[in-house]
Every structure is written in structure tokens, then in C-alpha cells.
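Here is the structure we will look at.
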Amino acid sequence: VSIMFVDIVAFTTMSAALCPAELVELLNEMFSQFDEIAARFKVQKVKTIGDSYMAATLSLAADVMVDFGLELLRSLHALNAQRGLNLQARIGINTGSVIAGVIGTRTISYDLWGDAVNVAQRMESYGIAGRVQVSQSTYDRIQYKFDFEERE
């Protein structure tokens, strides 16, 4: 599978200036747009945690995940223009094997585990705002489809 993590840069700082209702409204609008885009790309949202969004493909279709990430950045740009904001996202993608399942007895939750998930999360946390950062395993699958810049 290909796994993606999206994190809104400096959202915690910005959220301190919003009342709780405004914060929930903004997150709902943003993540609802992400969900609509995910449906178009046939990408599965796994979960949201605060201002982070996790998604996965059900195959090794890394190119679909990169296209999805680029579309998320475009939608965030449009949301900024519409609301007069300056939200930026870091996006990290990795491709590999995972374990997936539903856990819990009271509030059940679908989740993914494994090294591929951990690498995707690191790709996001060390990424650059406004860019999609991919791991070597993702790059190896799609290197001829996109223009890449090597990080130093």
C-alpha cells in the first residue's frame, strides 16, 4: 500500500487565536474537502488526529497517492484564498507492506501498523511546507511519472 500523512504547519499556534467553534468549523471544512478528493482518487482515509490526516491506497498505486497529495495542496490553496488564510501542509508518502485491522470494543477503530507507516510519518515530519515528500520506495515506483527534486 501507499500511506500518506498530512500535517497543517503551525496549526496549533493559529488555533490559539480561534474560538473552539471556529476551529472545529475550519477543520471540518478542510477535512471534508480532503475526504471528497480522497473519494475521487479512490484513496481511503484512515483517520484524523488533531490537524493531521492519514490516508492509504489499497494497492501499490504510489502515483495515485502523489496525485492525491498534489490535489490536497491545491485545495488548501483555494481554501486559503476563500478564507483569507495562509495554511500550509507538509505531506509525506511511503509505499510498502502494512498490517491493517479494526481494534477496540467500545469505540472501534481501523488502523494500519508497520515500518511503512512509520516511514510515511517521518516523510511528513521532515518534509517541507507546500511540498509532497516521498520515500525511496515510493520514488522507485514512480520516478518517471513526476518531476522530483532531491533533498539535501
Per the helix-only model, the chain has a calculated mean residue ellipticity at 222 nm (DSSP H runs of ≥4, -39500 (n - 2.57) each, divided over all residues, rounded to the nearest 500) of -14000 deg cm²/dmol
Carbon/sulfur accessible area of the chain, % of total, 1.4 Å probe, equals 52
Simple SL model, points at 7 angstrom along Cα→Cβ for Arg122 and Val24; separation in nm is 3.7
Here, Arg83 and Ala39, labelled 7 Å along Cα→Cβ, have an inter-label distance in nm of 2.0
quick note, the chain, DSSP beta bridge pairs, % antiparallel (nearest 5) is 85
Of 39-47, 113-121, ordering from highest average Cβ density within 10 Å down gives 113-121, 39-47
Note: Asp111 to Glu152 extended length (0.36 nm per residue) minus current alpha-carbon separation gives 11.5 nm
Looks like the stretch 85-124, by Cα gyration tensor root eigenvalues a ≥ b ≥ c and the a/c under 1.5 rounded cutoff (else prolate when a/b is bigger than b/c, oblate otherwise), is oblate
Among (i) 15.9; (ii) 19.3; (iii) 17.9, the value of Kirkwood radius over Cα pairs in Å computed for this structure carries the label (i)
With the 1.4 Å probe rolled over protein heavy atoms, the chain has an accessible area per residue in Å² of 57
Within the under-15-Å Cβ sphere about Phe11, not counting Phe11, Lys/Arg +1 and Asp/Glu -1 give a net charge of -4
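The values are calculated or read from the model by the stated rules, or taken from the named source; none is laboratory data. Everything quoted here is computed from the prediction, not taken from an experiment. Quick reminder, even Gly has a Cβ in these numbers, built from the backbone with ideal geometry, and neighbours come from all protein chains shown. SASA here: full protein model, heavy atoms, side chains in, ligands and nucleic acids out. Shrake-Rupley method; radii C 1.70, N 1.55, O 1.52, S 1.80 Å.
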